[in-house]
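Enquirer: Quick one: structure below, then a few questions.
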Amino acid sequence: MASLVGSRVERKEDKRFLTGKGRYTADINLVNQTYAIFVRSPHARASIKKLNIDKALKSSGVVSILTGKEIADEKIGGLIAGWAIRSEDGTEMKCPGNPPLAKDNVNFVGDPVAVVIAESLAEAKEAAEKVEVDYKVLKAVTSTADAMNGDTIHEGIDKNLCFDWLLGDRQKVKDAFDKADKVISIDIINNRLIPNAMEPRACVADYNAASEEITLYTTSQNPHLSRLIMSAFGNVAPEHKLRVVAPDVGGGFGSKINVYNEDIVCSWAAKKINRAIKWVAERSESFLTDIHGRDHVTHAELAVTKDGKFLGFKNETIANLGAYARVFGTVTPTYLFGPCATGVYEIPAAYTNVKAVYTNTAPVDAYRGAGRPEATYTIERLVEKASMELGIDKTELRIKNFPTAFPFKQTLVHTVDSGDYVAGMEKAKQMADYKGFEARRKESEGKGKLRGIGVTSYFEACGIAPSAAVMSLGCGVGLWESAEVRFNPTGQVTVYTGSHSHGQSHQTTFAQIAADELGVPIENIDVVHGDTDKGTFGMGTYGSRSLAVGGIAIVNACKKIVEKGKRVTAKMLEANPEDVEFKDGEFIVSKSNKKKTIGEVAFACYLPGVRDEMKSPLPEGDEPGLKETSFYDPSNFSFPAGTHIAEVEIDPETGHVKLEKYTACDDFGRIINPMVVEGQVHGGLAQGIGQALYENAEYDETGQLMTGSYMDYTMPRADNFPEFNIGYTCTHATTNPLGVKGCGEAGAIAAPPTVMNAVIDALGGQEVTMPATAEKVWKACKNLKKSNVKAA
Amino acid sequence: MKDFNYHSAKDSKEASKLASSSSAFLAGGMTTIPSMKLGLATYKDLIDIKNIKKLSGIKVSGKSVTIGAATKHVEVSNSKDVKKAIPSLSSLAEGIGDPQVRNRGTIGGSIANNDPSADYPSACIALNATIHTNERKIEAAKFFKGMFETALKKGELIEAIEFQIPEKSSYQKHPNPASRYAIVGVYVAKHKGDVNVAVTGAKSCVYNDKEMSKALSGNFSSSSIDGMDLDSSEMNTDMHASAEFRASLVVTQAKKAVDAC
Ligand SMILES: Cc1cc2nc3c(=O)[nH]c(=O)nc-3n(C[C@H](O)[C@H](O)[C@H](O)COP(=O)(O)OP(=O)(O)OC[C@H]3O[C@@H](n4cnc5c(N)ncnc54)[C@H](O)[C@@H]3O)c2cc1C
């Protein structure tokens, strides 16, 4: 049987999605359901003087109105930060309470203060407008850079500082800088983004008074984790009385990791009113209240010798957490950021210092790449600048500082098991026709245009993560993954995974893996996910962990099945278990023609007997049935890497940046399905290029979101992109049996610096901030003209 | 969205009879419906005019192209007749918003709405259009009064827009990357005798740039406006572009348009 792993198997999910048969949360309608509308703060920072619901209660169709007071009275817990970070001085991070409905203070536009539940959506809306809230508006803090100088947002949190964290050794870095021939320094902003999943957040909560069980259908990337948090911290219901289902989910990109206010409020309220409640975000609510991403202000320095060896690296960053610290809010700008900030280079000394600040803006949390795009942007902008200042070719300078031996002990935390950065660079250069660039530049100049080329070499720590390692660093949970592989008596297989698919194609790729492991046709394998009542447990999908952690759990569970199959076959065929081999779905007794198919074995396991004989196929100690579970805890992160090269052409008269060419040469280890990987790379690139050229979440000084709709928030569109030129170098990971590394975030990590390096190259080294909008670029072009005139 | 009454008018007469101070005509609904959903506008009555036969269709004569008010953008962009008579007009229509918007939005709705960054108003100015309503004919130059303001009286219905076929013309837009409305759009049309340079997006209302018109009427070449330093004091500033940038774009887009003629 040909191996399915590595081939372009068509997606099992496509038929359903392309024919409109997907079942998303908003598609779920329960008998007798009610509708919720949240009353939200129109102010970025205010105290609530009075909240009056009398008029609203009298509005037609109202079932119930609940406020922060009831939430507090019933001790329903708030939203939490999942990772405890310690400051450089040893103190613990400072997190404010974040009640699901605000009672005394609101801290960003969109912070909910009440929920109105009515018989129809229109009635709920009508009544919500009648809820009277008397706010005392306070001065908002909105700027990342100035947050520490603003008014104190949360009582007791001085300077709005959650933590002031250090990774690395300042003294060593100082010594390295003292020896440097040259110090390259840079000030950069990693612009704030709004994830914009195609499906807005939604939830439907139901209560069964007979079983006393709450069922929550929600748009989540990790239903088990949501249940755990809602139960342990939210006090909504004990875990065995709370079922969380995340059906088809239309994109997450990190924004659906968090448990949100609406999940907790609707679950709690459904029990109170003993009816189902449905809530679906409007797009404007998504803009205001989904977690946002990035938002760093960084000063970084690189110490170099004159021939281009890197000696030391400094990274001083202010990271905006928004109004509250959420699940991955505190780890994103620390352990997901700092260790990767030294990039793919041997740098003997380095440190990253992060001051995480609160502001009166939407919470900032993990967004595709989470910390690693910010890290890569920092080091790769710096390296590009170094190449300009040292006059060393940008690819040569990088190669000069690549590690050549693996495992590679990276400066701050990680030991990278495998990779070949030089090979990746060489292949990328060839794919991009790097040599031919000067000719293309001349051609553009002939048309009055400016052309630039930009390079990025990146690595990322993903496949998160070894439990003991992350828990030692403050993570509140272990980051293993579970899988259960279940044979039916008649030979089909159901794979239960704790990962969640919201665009990742697990139904296909995980089935490919199981098909290869078990020798069962892929049509006979179903992958089930997204329901706490099905499958054991799961930590969910983020950080490119589904395959590298969840996929391995499936492999391990399959291996256990095969082990049992060997024992059963041996018993049935009266052979030694050691003499039974498994290949392509058959258990074969070596040096004989005796064999059993895996289907026969499964059948025997479920029907362990024969007529007229007292005989079991099951060896002593083996129970009936064929079902195995694995909890896989990885021994290390996985480390995808690669080199991307972009070329842009700029019209100096309008400042328009046209992305002409984009080459991505990635090392994702072993590839399960090239078609799916291409999709992931394309999507990641779209978001990364979006960050570089188009997207920006902007608040004004009063904390109003200026980019609260698609009229002002620029989502990239297909016509903004050239054909992507994609290639791979595949060095297999040595730390997991599949040799896989993960591919979900690479595009979003590598593209921003790649594109910006090209833009800045075209602009003769002038810095522009992301997104490189027409006006910024136009201004830089004017400067360029002036300085050229001066030079001439 | 607040409840409203829906009416479908069979002819112009019925449509204008139904109109009141709390009604709107419903053409493509691309502006009206979103503003109602966002609570920016509320109407008691929506009067659907899409079923009025007379309002749809394109007629080309030797001198002019006449487009019914309820004609969709996609119909204008696909029309062979328009492409032949005034190619720049069909490419303008092709550049409006996105396919969904073009499949519903109408020329009459666009002009009646007079969004300061809409595309069609510039075509009306550049192509010396006449706006035919159920009551009268209005010259384009007198139709666009200010931001979202036109010469239309309450209940007055645009029936058709008649464009004068120029010798040469081109529309060049620098789109807002998010909405794809014009940050600046410049429609240059060379008629016998004079040149119009209609600018949209730059100020609170579409206008004919006299300075550039004059220069180009003298010498129809982009060199005659190159480097022109326009007064930016009345130009719009928003998060997408400053007045200074807009002023520069007006000249750049005008030059492009002349070169493309
Ligand atoms: C996402 C998006 C992007 C867009 N991008 C662009 C763009 O790039 N360029 C651009 O120019 N436009 C753009 N538009 C606007 C679009 O082109 C429509 O033309 C415009 O919204 C109005 O046309 P409508 O037919 O939808 O009018 P409606 O929304 O139905 O009506 C708008 C107004 O016009 C009045 N009205 C309609 N027809 C008549 C009539 N015959 N007589 C008198 N009054 C009338 C109505 O009473 C109402 O007040 C965009 C719209 C959207 C939603």
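Enquirer: Straight distance only, please: which lysines reach the Cα of residue A:271 with their own Cα at less than 19 Å, same-chain residues fewer than 8 apart left out?
Expert: A:69, A:75, A:241
Enquirer: Return the Rg/Rh value of region A:578-717, two decimal places, where both radii are evaluated on C-alpha atoms and Rh is the Kirkwood radius.
Expert: So for region A:578-717, dividing Rg by the Kirkwood Rh gives 1.30.
Enquirer: Provide the net charge surrounding residue A:646, with neighbours chosen by a C-beta distance below 10 Å and charges set as Lys +1, Arg +1, Asp -1, Glu -1.
Expert: Value of the local net charge: -2.
Enquirer: What FRET efficiency comes out for residue B:217 versus residue B:100 if R0 is 30 angstrom and r is the Cβ-Cβ distance? Round to the nearest 0.05. Mind dumping the intermediate values first?
Expert: Values: r = 40 Å, r/R0 = 1.32.
So the FRET efficiency works out to roughly 0.15.
Enquirer: Relative contact order, percent, of chain A when contacts are C-alpha pairs under 8 Å separated by at least 6 residues? The partial results should precede the final answer.
Expert: Working: 2039 pairs, mean separation 120.1, N = 792.
RCO, chain A: 15 percent.
Enquirer: Convert 4 °C to kelvin, take the viscosity as 1.567 mPa s, use the Kirkwood radius over C-alpha pairs of region A:594-635 as Rh, and evaluate the Stokes-Einstein diffusion coefficient in µm²/s, rounded to a whole number.
Expert: 106
Enquirer: Also, I was wondering about something else. Please pull out the direction-averaged projected area of region A:378-501, using the convex hull of its alpha-carbon atoms, in nm² to one decimal place.
Expert: 14.0
Enquirer: Local charge sum around residue A:139 (other residues, Cβ-Cβ under 14 Å, Lys/Arg +1, Asp/Glu -1)? Walk me through the numbers on the way to the answer.
Expert: Values: positive: A:45, A:136; negative: A:146, A:151, A:700, A:701.
Spelling it out: positives minus negatives among the neighbours equals -2.
Enquirer: Over the Cα atoms of region A:452-522, Rg to Rh with Kirkwood Rh, two decimal places?
Expert: Working: Rg = 17.8 Å, Rh = 15.5 Å.
Rg/Rh: 1.15.
Enquirer: Quote the Stokes-Einstein diffusion coefficient, in whole µm² s⁻¹, for region B:17-71, based on the Kirkwood radius over alpha carbon pairs, a temperature of 37 °C and a viscosity of 0.692 mPa s.
Expert: Taking Rh from Cα pairs, D becomes 256 µm²/s.
Enquirer: Over chain B, calculate the relative contact order: mean separation of alpha carbon pairs under 8 Å at least 6 apart, over the residue count, as a percent.
Expert: 15
Enquirer: How do B:124, A:340, A:475, A:730 rank when sorted from fewest to most other Cβ atoms within 10 Å of their own Cβ?
Expert: Going from sparsest to densest Cβ surroundings: A:730, A:475, B:124, A:340.
Enquirer: Region A:480-632: percent of C-alpha pairs farther apart than 19 Å?
Expert: Tail of the P(r) past 19 Å holds 52 percent of the pairs.
Enquirer: For residue A:430 and residue B:167, what is the calculated FRET efficiency with R₀ set at 51 Å and r taken between the beta-carbons, to the nearest 0.05? Mind dumping the intermediate values first?
Expert: Details: r = 52 Å, r/R0 = 1.01.
Rounded to the nearest 0.05, the efficiency is 0.50.
Enquirer: Here are some pairs, A:658/A:785; A:55/B:44; B:2/B:153; A:449/B:168; which of them have Cα atoms lying more than 29 Å apart in this structure?
Expert: In this structure, no pair lies more than 29 Å apart at Cα.
Enquirer: Given Cα positions, please report Rg to Rh for region B:5-164, the hydrodynamic radius being the Kirkwood one.
Expert: Using only Cα positions, Rg/Rh for region B:5-164 is 0.94.
Enquirer: Next up: Nearest 500 deg cm²/dmol is fine: what mean residue ellipticity at 222 nm does the protein assembly as shown get from its DSSP H runs of n ≥ 4 alone, each adding -39,500 (n - 2.57), divided by its residue count? Spell out each step's value before the answer.
Expert: On the way: 30 runs with 301 residues, N = 1053.
For the protein assembly as shown, the value works out to -8500 deg cm²/dmol.
Enquirer: Please give the charge dipole size of region B:179-245, origin at the Cα centre, charges +1 on K and R Cβ atoms and -1 on D and E Cβ atoms. Round to the nearest 20 debye. Before the final figure, lay out each step's value.
Expert: Values: 6 positive and 9 negative charges, 80 e Å.
Charge dipole, region B:179-245, about its Cα centre: 380 debye, nearest 20.
Enquirer: Leaving out same-chain residues fewer than 8 places away, which lysines sit with a Cα under 19 Å from that of residue A:559?
Expert: A:571, A:583, A:595, A:596, A:627
Enquirer: Next up: Where in chain A are the helices, taken as whole DSSP H runs, whose Cα atoms extend 30 angstrom or more along the long axis and whose Kyte-Doolittle mean reaches at least -0.5?
Expert: A:552-573
Enquirer: Return, for the Cα atoms of region A:656-717, the radius of gyration and Dmax in Å, separated by a comma.
Expert: 16.0, 50
Enquirer: Could you tell me how many cubic angstrom of Cα convex hull volume region A:734-792 has per residue?
Expert: Roughly 98 Å³ of hull volume per residue.
Enquirer: When a/c reaches 1.5 or more, the comparison of a/b and b/c decides; with that in mind, is region B:114-261 rounded, prolate or oblate per its Cα gyration tensor?
Expert: oblate
Enquirer: Can you report the principal axis dimensions of region B:180-261 using only the alpha carbons, biggest first, rounded to whole angstrom?
Expert: 38, 22, 20
Enquirer: What FRET efficiency comes out for residue A:606 versus residue A:120 if R0 is 41 angstrom and r is the Cβ-Cβ distance? Round to the nearest 0.05.
Expert: 0.25
Enquirer: Fewest Cβ neighbours within 10 Å first, please rank A:421, A:496 accordingly.
Expert: Working: A:421 28, A:496 23.
Lowest count first: A:496, A:421.
Enquirer: Here is a follow-up. Restricting to the protein assembly as shown, compute how many DSSP beta bridges are antiparallel as a %, nearest 5. Walk me through the numbers on the way to the answer.
Expert: Numbers: 138 of 173 bridges.
Percentage antiparallel, nearest 5: 80.
Enquirer: Could you list A:597, A:731, A:34, A:305 in order of exposure, starting from the residue whose Cβ has the fewest other Cβ atoms within 10 Å?
Expert: Numbers: A:597 17, A:731 22, A:34 27, A:305 13.
The most exposed by this proxy come first: A:305, A:597, A:731, A:34.
Enquirer: Let me check I have the definition right: for chain A, take the eigenvalues of the Cα gyration tensor, multiply each by 5, take square roots. What are those semi-axes in whole Å, largest first? Let's see the in-between values first.
Expert: Working: eigenvalues 374, 292, 107 Å².
In descending order the semi-axes read 43, 38, 23 Å.
FYI, it's all coordinate maths here, none of it is from the lab. Computed from a predicted model, the values in this text were never measured in an experiment. Note that each Cβ is placed from the backbone with ideal geometry, even for glycine, and that neighbours are counted across all protein chains shown.
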